Amino acid sequence: MEGEWLLIKIYAHRGYSDKYPENTMVAFQAAVDYGADGIEFDVQLTKDNVPVVIHDLTVDRTTTGSGRVRDLTVRELKEFSAGAWFGERFDSQKISTLEEVLAWAMGNSIMLNIELKGVVTDREEMIAAILSILKKFDCEDRLILSSFDHPTIQSLTEEAPLIEMAIIVASALFKPEEYLRRLKIRGYHFSHISLREEEIRGMIYNGFRLRPYTVNEDQLIKQFINSGCDALFTDKVERAVKIRNRWIKNRSFVRRKD
Ligand code: G3P
Ligand code: MG
């Protein structure tokens with residue numbers, strides 16, 4: 001049989017963030033428990049150059065603290081609750097370091113998409129900090145590194161050629177395949193409204209690994225299951241896993257050429 005049959009994977013966006021506080025250990029464990037294939041989470045640098053797991057540049061929205069992550073040390077960040085904003089029962093959740101999340105991941109087999117955030121002026125520090133943490137863990141084949149900052153991903157491609165890299169885009173690019181070839185990157189994480197179906201199929205056929213974000217509505221989840229994308233990012237993990245598992249019975253999948 002020619003080609004590879006593609007079964008879409010479900011990645012928990014910021015963990016199971018529909019039901020648990022985003023980017024916390026309880027959200028990641030819930031993703032595992034509800035059958036996600038992977039988790040996506042965001043990483044920022046602290047004042048002491050430690051990669052920690054939080055989406056925003058400041059701690060204000062998702063913790064009991066205030067201020068820029070980059071202006072606070074890990075020790076200071078650990079004082080805050082990262083779950084109380086979502087519900088009292090999550091009060092004990094703290095901001096995790098990347099190292100803590102990877103240590104936890106050694107006890108399961110979930111795929112890990114680390115999204116590098118931060119500001120471009122900290123690019124070199126971020127790359128160095130990430131590479132030094134990753135060296136401590138044997139998980140290259142379970143990792144995807146991604147970022148809206150494409151120069152970061154381009155540098156990492158050279159520094160860590162065995163790890164899968166992806167660029168993230170929020171809007172429709174002009175000739176995305178040419179751009180990806182120039183960067184020597186296969187992973188394309190795109191806002192689900194930025195590509196048409198025929199463009200998605202064309203890119204997949206040509207070997208690119210597409211993953212749309214953030215796919216939460218049932219109808220959209222169904223649409224993407226049949227798209228040939230490698231994975232989709234969703235907040236609604238339980239629902240997406242259920243829809244995907246129900247759907248795969250007796251269906252055929254889009255194929256990529258050999
Ligand atoms: O990595 C895909 C998606 O997470 C990018 O957007 O803002 O949710 O990090 P954001
Ligand atoms: Mg993200």
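Computed from the coordinates by the stated procedures, all read-outs in this text should not be read as laboratory data. Note that the coordinates shown come from a computational prediction; the quantities given were computed from them, not determined experimentally. Every residue, glycine as well, gets a Cβ built from its backbone with ideal geometry; the counts of neighbours run over all protein chains shown.
Multiply the residue gap between Asp218 and Glu88 by 0.36 nm, knock off their C-alpha separation, and tell me the result in nm, one decimal place. All intermediate terms of the calculation are to be shown ahead of the outcome.
Numbers: separation 130, 0.36 × 130 = 46.80 nm, distance 2.91 nm.
Additional length available on full extension: 43.9 nm.
Give or take rounding to whole Å, what are the principal axis extents of the alpha carbon atoms in the chain, in descending order?
If we take the Cα atoms of the chain, the spans are 55, 39, 33 Å.
I want to check the label-to-label distance for Lys78 and Ser66. Put each point 7 Å from Cα in the C-beta direction and report it in nm to one decimal.
The modelled label-to-label distance comes out at 2.5 nm.
State, to one decimal in nm, how far the label point of Ser171 lies from the label point of Ser132, with both points 7 Å from Cα in the Cβ direction.
Label at Ser171, label at Ser132, 3.7 nm between them.
Between Thr58 and residues 5 or more places away or on another chain, which pairs have amide H atoms under 5 Å apart, with H built 1.01 Å from N, and which residues are they?
Placed amide hydrogens put Val69 under 5 Å from Thr58.
Can you check what the net charge comes to around Asp56, using other residues whose Cβ is under 12 Å from the Cβ of Asp56 (Lys, Arg +1; Asp, Glu -1)?
Details: positive: Arg14, Arg61, Arg68, Arg70, Lys117; negative: Glu22, Asp42, Asp60.
Residues near Asp56 contribute +2 overall.
Around Ile110, under 12 Å between beta carbons, what's the net of Lys plus Arg minus Asp minus Glu among the other residues? All intermediate terms of the calculation are to be shown ahead of the outcome.
Values: positive: Lys9, Arg142; negative: Asp33, Asp37, Glu40.
Here the charged neighbours net out to -1.
May I ask for the Kirkwood hydrodynamic radius of the range 10-147, worked out over all distinct Cα pairs and given in angstroms to one decimal?
On the way: mean 1/r = 0.0676 Å⁻¹.
Result for the range 10-147, one decimal place: 14.8 Å.
With only alpha-carbon pairs counted, each pair once and no self-pairs, how large is the Kirkwood hydrodynamic radius of the range 85-200 in angstroms?
Details: mean 1/r = 0.0628 Å⁻¹.
It is 15.9 Å.
Determine one quarter of the surface area of the Cα convex hull of the range 117-177, which equals its mean projected area, and express it in nm² to one decimal. List each step's numbers first, then the result.
Values: hull surface 19.1 nm².
The orientation-averaged projected area of the Cα hull of the range 117-177 comes to 4.8 nm².
Could you compute Rg(Cα) / (2.2 N^0.38 Å) for the range 195-250, with N its residue count? It would help to have the intermediate numbers written out before the result.
Working: Rg = 11.2 Å, N = 56, 2.2 N^0.38 = 10.2 Å.
Rg over 2.2 N^0.38 Å, computed on Cα atoms: 1.10.
Order 136-142, 207-213 from most to least packed using the mean count of other Cβ atoms within 10 Å.
Details: 136-142: 12.7, 207-213: 21.4.
Packing order, densest peptide first, comes out as 207-213, 136-142.
Less than 12 Å Cβ to Cβ from Val241, Lys/Arg counted +1 and Asp/Glu -1: what total charge do the surrounding residues give?
Details: positive: Lys9, Lys236, Arg239, Lys242, Arg244, Arg246; negative: Asp33, Asp37, Glu238.
Summing Lys/Arg as +1 and Asp/Glu as -1 gives +3.
Which length gain, in nm to one decimal place, applies between Asp33 and Asp56 when the Cα-Cα distance is subtracted from 0.36 nm times their residue separation? Present the calculation step by step, with values, prior to reporting the outcome.
Details: separation 23, 0.36 × 23 = 8.28 nm, distance 2.60 nm.
My answer for the length gained is 5.7 nm.
Hey, can you rank 24-33, 150-159 by average C-beta count inside 10 Å, highest first? Could you put the intermediate results ahead of the total?
Working: 24-33: 22.3, 150-159: 16.4.
The packing order, highest mean first, is 24-33, 150-159.
When the distances between all Cα atoms of the range 123-258 are binned every 10 Å from zero, what whole-number percent does each bin get?
So the P(r) values, bin by bin, are 11, 38, 34, 16, 1.
For a protection proxy built on the mean count of beta-carbon atoms within 10 angstrom, sort 74-81, 110-117 highest first, please.
Values: 74-81: 16.8, 110-117: 21.5.
The densest-packed peptide leads the list: 110-117, 74-81.
I'd like the orientation of helix 237-247 relative to the chain: the angle between its Cα long axis and the longest Cα principal axis, in ° from 0 to 90, rounded to 10.
Once rounded, one gets 10 degrees.
Cross-link partners among lysines for Lys242, C-alpha distance below 24 Å, same-chain residues fewer than 8 apart left out?
Straight-distance partners of Lys242: Lys9, Lys19, Lys222.
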